[in-house]
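**Student:** Dropping the structure in here first, questions after.
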Amino acid sequence: MTEHTSYGSDLAVVTVTYSPGETLERFLDTLAKATTRPVHVVLADNGSTDGAPEAAAAARDHVELVPTGGNLGYGAGANRGVAALDSRYGWIVVANPDVEWHPGSLDTLLDAADRWPRGATFGPLITEPSGKVYPSARDLPSLGKGIGHGVLGKVWPGNPWTKSYKQSSADVRERVAGWLSGSCLLIRREAFDSVDGFDSRYFMYFEDTDLGARLSRAGWQNVYVPSAEIMHIQGVSTAKSSAKMLAAHHDSAYRYIADRHQGPHWAPVRMAIKAGLAVRLKLQTR
């Protein structure tokens, strides 16, 4: 556990960049209308080669470039960005650089934080470019739900396990969720530091699920706030290496399940899941 630090009420936004292209400019332009509060932006850069993070930091006084030293992955990159902030910043937003903010959306999340004193993370309603609502507030995956969703999710999207795991996007009310999408999170820094942030063993995917689980276990809440809305383009950086990202997704899924089913008596289950995920990966990358 990290020793207790007293944090101020200042607001910072950390976004992990990896050759984000022109989406970063849209992110920063729309962020300016998302809150009336002063906001410091940290670009935790995982080795961009397109010059976009450098250009953004040079053009805007409130934007700071923090090179991470390599492609650390999403969670570790976000941790590095948060670590660059002093204790004035008690509120941190971790968000993907391909997010576009609706006017007032960040202030709406901050307002919700006043209503939920045990709230650690606050997530907005997320739409895709088509306007479809992305299921961003979900139950924590159990072994049964995880296997049902993993095996049948692609071939039978309406199966009961996938439905239950994703919690229907029709459930649009302010509520506590098991975990919230890491593509856009307002985070109470006291809570984030109390669990030592993201687990950097997750290169990509499931780092948000794992964070939600550990925060819940520590007595905090993950709060879905659909009155705040953003749009997420999705996959601008990851699309360039989709097979690699698919493999990272399966590795992270196994890590999440294995971490929660340790010891010799769970070994046969872990082996079966590992084999099943390997088959699923092979089918998806054919």
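The values are calculated or read from the model by the stated rules, or taken from the named source; none is laboratory data. In this text the structure is predicted, and so the values were computed from the model without any measurement. FYI the Cβ positions are ideal-geometry reconstructions off the backbone, even for glycines, and counts take in every protein chain you see.
**Student:** For region 88-119, name all the residues that are of a type outside the set (D, E, K, R), part of a helix (DSSP H, G or I) and either more than 24 Å from VAL195 (Cβ to Cβ) or in contact with a Pro (Cβ under 9 Å, 6 or more places away or on another chain) (or both). Walk me through it before giving the result.
**Tutor:** Step one: list which residues in region 88-119 are of a type outside the set (D, E, K, R), which gives 89-97, 99, 101-106, 108-110, 112-113, 116-117, 119.
The next check asks that each one be part of a helix (DSSP H, G or I); those that pass are 105-106, 108-110, 112-113.
Across region 88-119, the qualifying residues are SER105, LEU106, THR108, LEU109.
**Student:** If you go through region 136-162 one residue at a time, how many are at pLDDT 70 or above and buried (at least 17 other Cβ atoms within 10 Å of the Cβ)?
**Tutor:** So the answer is 5.
**Student:** Look at HIS4 and say whether it is under 27 Å from ASP210 (Cβ atoms) and at pLDDT below 95.
**Tutor:** Against the criterion (under 27 Å from ASP210 (Cβ atoms) and at pLDDT below 95), HIS4 qualifies.
**Student:** Right, here's the next one. What number of residues within region 227-236 are on the phi > 0 side of the Ramachandran plot and not polar (S, T, N, Q)? Can you show your working first?
**Tutor:** Initially, region 227-236 is screened for residues on the phi > 0 side of the Ramachandran plot, giving 234-235.
In the following step, the residues that additionally are not polar (S, T, N, Q) were identified as 235.
Adding up the residues that qualify gives 1.
**Student:** Working only within region 90-122, note down all residues that are of a type in the set (Phe, Trp, Tyr) and within 16 Å of the chain's Cα centre (by Cα). Spell out how you get there, then give the answer.
**Tutor:** Taking region 90-122 first, the residues of a type in the set (Phe, Trp, Tyr) are 91, 101, 116, 122.
Passing the criteria: TRP91, TRP101, PHE122.
**Student:** I need the full set of residues from region 173-198 which are acidic (Asp, Glu), in a loop (DSSP other than H, G, I, E, B) and touching a Phe, Trp or Tyr at 6+ places or on another chain (Cβ under 9 Å), in order please.
**Tutor:** Step one: of region 173-198, the residues acidic (Asp, Glu) are 174, 190, 193, 196.
Within this subset, residues satisfying the condition of being in a loop (DSSP other than H, G, I, E, B) are 174, 196.
Correct list: GLU174 only.
**Student:** Condition first: surrounded by 21 or more Cβ atoms within 10 Å (Cβ to Cβ), in a loop (DSSP other than H, G, I, E, B) and either of a type in the set (Gly, Ala, Ser) or at negative phi (or both). Now tell me which residues in region 205-226 satisfy that.
**Tutor:** TRP220
**Student:** If a residue must be within 19 Å of the chain's Cα centre (by Cα), under 25 Å from HIS102 (Cβ atoms) and of a type in the set (Val, Ile, Thr), how many such residues does region 31-68 contain?
**Tutor:** Residues flagged as within 19 Å of the chain's Cα centre (by Cα), under 25 Å from HIS102 (Cβ atoms) and of a type in the set (Val, Ile, Thr) within region 31-68 amount to 2.
Here's the yes/no breakdown for (1) touching a residue at least 24 places away in the same chain (Cβ under 8 Å); (2) within 21 Å of SER227 (Cα to Cα); (3) surrounded by 22 or more Cβ atoms within 10 Å (Cβ to Cβ):
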residue: GLY70; (1), (2), (3): yes, no, no
residue: ALA83; (1), (2), (3): no, no, no
residue: GLY90; (1), (2), (3): yes, no, no
residue: VAL94; (1), (2), (3): yes, yes, yes
residue: GLY104; (1), (2), (3): yes, yes, no
residue: ALA113; (1), (2), (3): yes, yes, no
residue: PRO117; (1), (2), (3): no, yes, no
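**Student:** Could you go through region 11-18 and let me know if any residue there is surrounded by 14 or more Cβ atoms within 10 Å (Cβ to Cβ), assigned to a loop (DSSP other than H, G, I, E, B), touching a Leu at 6+ places or on another chain (Cβ under 9 Å) and not polar (S, T, N, Q). Write out each step before concluding.
**Tutor:** Restricting attention to region 11-18, the residues satisfying the condition of being surrounded by 14 or more Cβ atoms within 10 Å (Cβ to Cβ) are 11-18.
With the extra rule that they be assigned to a loop (DSSP other than H, G, I, E, B), the set shrinks to 18.
Okay, now just the ones that are also touching a Leu at 6+ places or on another chain (Cβ under 9 Å), so none.
For region 11-18, residues surrounded by 14 or more Cβ atoms within 10 Å (Cβ to Cβ), assigned to a loop (DSSP other than H, G, I, E, B), touching a Leu at 6+ places or on another chain (Cβ under 9 Å) and not polar (S, T, N, Q): absent.
**Student:** Continuing with this model, one more query. Considering only region 68-105, how many residues are touching a strand residue (DSSP E or B) at 6+ places or on another chain (Cβ under 7 Å) and not charged (D, E, K, R)? Let's see the steps before the verdict.
**Tutor:** Filtering region 68-105 for residues touching a strand residue (DSSP E or B) at 6+ places or on another chain (Cβ under 7 Å) gives 68, 74, 77-78, 80-82, 84-85, 88-102, 105.
Filter once more, keeping what is not charged (D, E, K, R): 68, 74, 77-78, 81-82, 84-85, 89-97, 99, 101-102, 105.
Within region 68-105, residues that are touching a strand residue (DSSP E or B) at 6+ places or on another chain (Cβ under 7 Å) and not charged (D, E, K, R) number 21.
Listed here are the residues, each with its yes/no results for (1) surrounded by 17 or more Cβ atoms within 10 Å (Cβ to Cβ); (2) in a loop (DSSP other than H, G, I, E, B).
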| site | (1), (2) |
| --- | --- |
| ALA34 | yes, yes |
| ARG37 | no, yes |
| ALA56 | yes, no |
| THR121 | yes, no |
| ILE126 | yes, no |
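**Student:** Same structure again: Evaluate the following for LEU85: is it of a type in the set (A, V, I, L, M), touching a Pro at 6+ places or on another chain (Cβ under 7 Å) and at pLDDT 95 or above? Step through it out loud before you land on a result.
**Tutor:** Working: of a type in the set (A, V, I, L, M): yes; touching a Pro at 6+ places or on another chain (Cβ under 7 Å): no; at pLDDT 95 or above: yes.
When the stated conditions are applied, LEU85 does not pass them.
**Student:** Of the conditions (1) more than 22 Å from PRO38 (Cα to Cα); (2) of a type in the set (A, V, I, L, M); (3) within 13 Å of the chain's Cα centre (by Cα), VAL133 clears all except one; give me its number.
**Tutor:** With (1) more than 22 Å from PRO38 (Cα to Cα); (2) of a type in the set (A, V, I, L, M); (3) within 13 Å of the chain's Cα centre (by Cα) applied to VAL133, the lone miss is (3).
**Student:** When the residues of region 218-250 are narrowed to those that are at pLDDT 95 or above and among the polar types (S, T, N, Q), which ends up farthest from SER200 (Cα to Cα)?
**Tutor:** Residues of region 218-250 that are at pLDDT 95 or above, as a first pass: 218-232.
So of that shortlist, the ones also among the polar types (S, T, N, Q) come out as 221-222, 227.
Numbers: GLN221: 21, ASN222: 20, SER227: 31 Å.
Step by step, filter region 218-250, then rank; the result is SER227.
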